[in-house]
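So the structure is just underneath, and the comments pick up after that.
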């Protein structure tokens, strides 16, 4: 059974770095090179929703940036590939919507077809005129066009 929680003090930088690497968001060394990275990732205005396996392994999390007054932005929903397709991402997404459903919720789909289906299951409706910008890819990351 998966355990869900919202307290970032219950995760370590090592766990978060390992999960980011597992889903292809850089290398764990990048995250571990800054000892203050965890407080930057989950600092003021950033909310975390976490999932642990029955064995205690961090298997997923969602990060949301919000003023908690007008809007919220889903920064990412990460689920370890070995645990995907088990409802963990959907459960994390539902926790986000339950918490921030009174606000405008924004998200950027990374793979249009799958992410749009995922967001639609949560009740998020795509807007035609939303413009998404991204940071420059890391030197070791392939550029997707």
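Since every read-out is calculated from the coordinates, none of them should be taken as a lab result. Bear in mind the structure is a predicted one, so any value in this text is a computation, not a measurement. Methodologically, a virtual Cβ is constructed for each residue, glycine included, from the backbone with ideal geometry; neighbour enumeration extends over all protein chains shown.
State whether region 1-103 is rounded, prolate or oblate according to the following rule on the C-alpha gyration tensor (a ≥ b ≥ c being the square roots of its eigenvalues): a/c under 1.5 gives rounded; otherwise a/b larger than b/c gives prolate, and the remaining case gives oblate. Note, shape of region 1-103 comes out oblate.
How would you classify region 1-50 from its alpha-carbon gyration tensor, with a ≥ b ≥ c the square roots of the eigenvalues: rounded for a/c under 1.5, else prolate if a/b is greater than b/c, otherwise oblate?
Judged from the Cα gyration tensor, region 1-50 comes out oblate (a/c at least 1.5, b/c at or above a/b).
Inter-part distance, region 29-50 to region 63-104, computed on C-alpha centroids, equals 16 Å.
Relative to the present Cα-Cα distance, how much length would full extension add between residue 54 and residue 117 at 0.36 nm per residue of separation?
Gain on extension, residue 54 to residue 117, equals 19.9 nm.
Of all DSSP-defined beta bridges confined to region 3-121, some 80% are antiparallel rather than parallel.
In this calculation the C-beta distance from residue 1 to residue 36 is compared with R0 = 41 Å, giving a FRET efficiency of 0.80.
Let's test the formula: R0 of 25 Å, r as the Cβ-Cβ distance of residue 86 and residue 10. What FRET efficiency results, to the nearest 0.05? Result of the calculation: an efficiency of 0.75.
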